[in-house]
Structures are given as structure tokens and as C-alpha cells.
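Asks: I'd like to ask some things about the structure below.
The values are calculated or read from the model by the stated rules, or taken from the named source; none is laboratory data. Predicted model only: the values in this text are computed from it and were never measured. Methodologically, a virtual Cβ is constructed for each residue, glycine included, from the backbone with ideal geometry; neighbour enumeration extends over all protein chains shown.
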Amino acid sequence: MNDTKIEQALGTTEPRVNADEALARFQARVQAEGIAPVVALARPRVTSRWLQGLAAAAGVVIVASALTLSGVAESVLKIFEPKSVVAVPLTQSDLNYLGQACAGLNLQECMGAYGTFVWTTAPQPKEVSSRSQASAQAGFNALAPSSLPSSVIGDPRYGVINRSTATFTFSADSTKQAAARVNRTAPPLPANIDGSKLLITGGPAVVQIWGAPAGAPASRGQAEAIPTLIVGQAKAPTVSSDGVTVDELRSYLLSQPGISPQLAAAIRAIGDPSSTLPVPVPAELAISHPVTVQGVQGLFVGDNTGIASAVIWQKDGMMFEVIGSFTESQALAIANSMR
Amino acid sequence: MTLPARDPGHIARAVSPAFESLFRAEYARVVGIAHRVLADQAEAEDVAQDVFISFYRGHPADAPYARAWLHSAAAHAALNAVRGRDRRSRREAAVAVTPDTTATEADPAETVAASETREEVRAVLARMPERSAAMLALRYAGLSYAEIAAALDVRASSVGTLLRRAEDAFRRELR
């Protein structure tokens, strides 16, 4: 096929548009839907209120993705736990942007791209000897799979993560400097977001790990420490704001220059961003689709190689994850056997 | 199309003069980019409206990156729409009789063939890597190398190479 044929294949008759009509339609929509343009003027702070689930779906995707890249993704899922979960495909360009912004940085440094992140009560994982001990320390009944594939052998190890709290303060200066570090120009941080705070609580959580040898936490980097099955359970988090609303935050974060319109559209399509966890899924590397698990809608995520898969769901105020090298049916069977 | 009352006062409050100027300057280009992917003017105009709404929500009208942002968003949003369109048989039926076809006056067999080719082209764009598909949409919508570079955030000196790769991938996918 030569260039002319490509031209023909991609060619369509140039549309004749009426910009006046289109502008009138745009204005009508802006008014009907009460859509406000980005503003730089300070507005009075709204009174403090708690936002259930996520403070902003986009913010979570950005932070979760950054943390995924920096190797601490599990912490994110335990911080932001929703009423339901939905997959959000991340394109390579999104990952590139996030990689540039956060590669090699720890949690505080990465979130420093938008402000200051401070743990007020840091998560402190510790190992306990039994499920009942884990339940007692977490304050809830830790469920366990009653049926396992033959590939999962031995007894699990148990970890408990305490209820953790953190504060994040948005900073226009930090945002500007972070964008400059990756040779980008960030949209100006709206004045009502600059300086506003998010107060995040997460956990407690219980993690059960099969296939990881004792002492694994101290032997990081050893190939044999890779577990065959991880089951996580945590209380849903809450995020509070002292001023900025979910919609304001989402709009601003989605306007970042590195966020693809595809990702933005997927996040905007989420019905209730305050109670839905968008699970970042690299579009080119993983597949995902909704599944029914334990009688509720959850999410299956797998990579295209079939090496790893996960089932994530939320039920009765708790978030659950089953992660391992399983087929979808195996992963679902494990998830559905949780008692 | 029924237009809302043209109340200048309301218009002034709804959209700033700077945004109105940007809209008038770029609307046809944004629709053109989306139309290159979707081959459906009504759908392309819907995408263009969404693109401008997104920009309006989050960016000042006089932002230096406004045009590049709109062009990029048009391509990506249209590609996103064409991917979703696979699941919408009603839309597919509508495309099959789109007035954009150049075979309107041709015999029915040619019309069907042209429609099938067009659909295959859209399917290929949907399957291709996002940046390559966007690059083709922008280029064949008439953007210059410099405009493509700005929209896709790549070096202008790389556009030629990237475009050739995208065209090669397109040829392979289209058989």
C-alpha cells in the first residue's frame, strides 16, 4: 500500500462545520450542566466534610500508578479502598509520564509532585503467628480461602498493618517545580486547591501470604521470596478534605499535561468517583473485566502472558484482593472460597 | 438543530471572549481530526464538544498549549470513541449509511465495499498503539510536523520517523 492508498484509506470528506451553531451548543451545555471554567481566584473554603472512599479518582490513579512504578502499589490499595472497583486503562504515554515524575522516588517524594505528604500514623506491617491473632490485632474477622489450587502448598504467613493516617497538602510551587523537572508546564493550580489538605485514613489490613519463606521481608530481592498466593483484606479508607471538592480535584488532576485524554475519559466515565476505586491497569500489558465474586461485582486483572492475575472486590465495608499466578477461574475459585 | 436563544449577556457569562475566540479558531480542526478517525460527522462533532468541555473545565483559554492540547485530545478521544463503537451495533449501522461516503452515487456493491473498507480502517486504528494511531489521524487531518510534535509531545525532528513507522504498522494491520 502506498501513501496515496493510505490517504484514501484514512481519507474522508472534510466535514463542513458551523462554528456559530457549535458554539451555541457548547454554551447551552455549559449553562445547562453548570460547568465552570478553571478559575484562579481564591474562594471561601467550604466547611470540612468527609468524603467516603476516594477523594478523587484521578488522584488515586496518579498516585497509585506512581506507587506501582516505585514498587509500593500494595500500600495504595490499602489506603484507598472503595465501595466498588473499576479498571482504568493506562496507556504507555501515561506510564511514561508517571515514570518520569516518580521513578525511583519514595511515597513522600512522589506525592511531592503535587504538594507535601506526611504520615501522621505510618503503616507498620508486622508478622503474627496465626489468623486468629491477625484478626484480633486488626479488629475484624480475617477471612481465608477454604479451597486452594494444588500449586499452593504449605501454611500461610500472616501480616497485620495498623490503621494509618496521613495528610497531603497541595502546593502550587511543588506542582510547578515537578513539572519543570520533566520539562513540562503544569496548568496553574487553582487557588482554592493550593494549600488545601486531604486527610487520609486507611486500614487496618491483614495480609496472608503463601509460598514466601520465613524471613522474607529481610531477604528482599531473593527470587525464592516470590509468593504463590497473596490474600489481602482491609477496612475501607476515608479521605477528608478541608476545602477542595472531588470534582475540583478530579478536574485539575485530569488536566495535567501528561494525562492522556483516553485516561481522562475513562476516569470521567466513573459514575461515583467518591466511592469507586479506579484500579490502574497498563493497557498494553494487562487485561481486566468485571466479575461476580462473593455475590458482588469485582474486577479481574491479568497480564497478557497469564503469569499473574488478581481479583479485587469490596463487600461489607471491606476490600479484598487475591493475587497470584492463576488462571481466571482458579483466581475466582479462591476468591469465592473465602470464609 | 434547535439553537438556544442568543442572549449576549448569557453568552458573556458562560464563555469568555478568549475562549470563544479559541473555539471559533479551532473547532473545525478539532472536528476534522476526530472525523478522520470516526468517519461520522455527527459523532466527530460530539467528540469535539466533549474535548472543548474538558479544556474549558481545566485550562485557561489563553494557555500557550491550548491548540496542541485540543488537537491531541481530539485524536485520543476519537480513538477512544471508535474503540467503544465496536460494541454499539446501532452506530455501526449508522456509519454504514454515512453521507460521508464518496460512493453515494455509485452502485450498491461499491457502496458496501467502501463502507466495509472504512470500517476496517477504523478497526485497524483502534487496534494500533495509541500514539501511532493518533499520529496518523493528526497527519492525515492536515497538521504539520510541528503541530503534530506539539500535540503528541515528541520532538519535531522525530515526527517523520515516527510517522513512517505508524504508516508501516497501519499497512501491516490492514493486510
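Asks: Which of the numbered conditions does A:ASP155 fail, given that it passes all the others? Conditions: (1) modelled with pLDDT of 80 or more; (2) on the phi > 0 side of the Ramachandran plot.
Replies: Going through the list (1) modelled with pLDDT of 80 or more; (2) on the phi > 0 side of the Ramachandran plot, A:ASP155 breaks only (2).
One line per residue, one yes/no per condition, for (1) within 7 Å of chain A (Cβ to nearest Cβ); (2) in a helix (DSSP H, G or I); (3) buried (at least 24 other Cβ atoms within 10 Å of the Cβ):
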position	(1), (2), (3)
B:ALA28	yes, yes, no
B:VAL31	yes, yes, yes
B:ALA42	no, yes, no
B:GLU45	yes, yes, no
B:ILE53	yes, yes, no
B:ALA61	no, no, no
B:ALA68	no, yes, no
B:HIS71	no, yes, yes
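Asks: Can you name every residue in the stretch B:140-161 that is at the interface with another protein chain (Cβ under 8 Å from one of its Cβ atoms) and either surrounded by 23 or more Cβ atoms within 10 Å (Cβ to Cβ) or assigned to a loop (DSSP other than H, G, I, E, B) (or both)?
Replies: B:ASP153
Asks: Of all residues in the stretch B:162-175 being charged (D, E, K, R) and more than 17 Å from B:VAL121 (Cβ to Cβ), which is nearest to the other protein chains (Cβ to nearest Cβ)?
Replies: B:ARG164
Asks: Being at the interface with another protein chain (Cβ under 8 Å from one of its Cβ atoms) and either at pLDDT below 90 or in contact with a strand residue (DSSP E or B) (Cβ under 6 Å, 6 or more places away or on another chain) (or both) is the requirement here; does B:LEU38 meet it?
Replies: The answer is no for B:LEU38.
Asks: Would you say A:SER135 is crowded, with 18+ Cβ neighbours inside 10 Å, modelled with pLDDT of 80 or more and in a helix (DSSP H, G or I)?
Replies: Criteria met by A:SER135.
Asks: Okay, next question. Does B:ALA137 qualify as being small (Gly, Ala, Ser), touching a helix residue (DSSP H, G or I) at 6+ places or on another chain (Cβ under 7 Å), touching a residue at least 12 places away in the same chain (Cβ under 8 Å) and within 11 Å of chain A (Cβ to nearest Cβ)?
Replies: Answer is yes for this residue.
Asks: Here are B:VAL112, B:VAL15, B:VAL97: which of them is at pLDDT 65 or above and hydrophobic (A, V, I, L, M, F, W, C)?
Replies: Testing whether each residue is at pLDDT 65 or above and hydrophobic (A, V, I, L, M, F, W, C) leaves just B:VAL15.
Asks: May I ask you to say which residue of B:ALA146, B:ALA169 is free of Cβ contacts under 8 Å to residues at least 40 places away in the same chain and more than 16 Å from the chain's Cα centre (by Cα)?
Replies: Answer to the selection: B:ALA146.
Asks: Let me ask you something else. Select from the stretch A:186-244 the residues that are assigned to a helix (DSSP H, G or I) and buried (at least 16 other Cβ atoms within 10 Å of the Cβ) and write down the one among them that is modelled with the highest pLDDT.
Replies: A:ALA225
Asks: I'm told B:SER132 meets every condition in (1) at pLDDT 85 or above; (2) facing chain A (nearest Cβ under 10 Å) except one. Can you identify the failing condition by its number?
Replies: (2)
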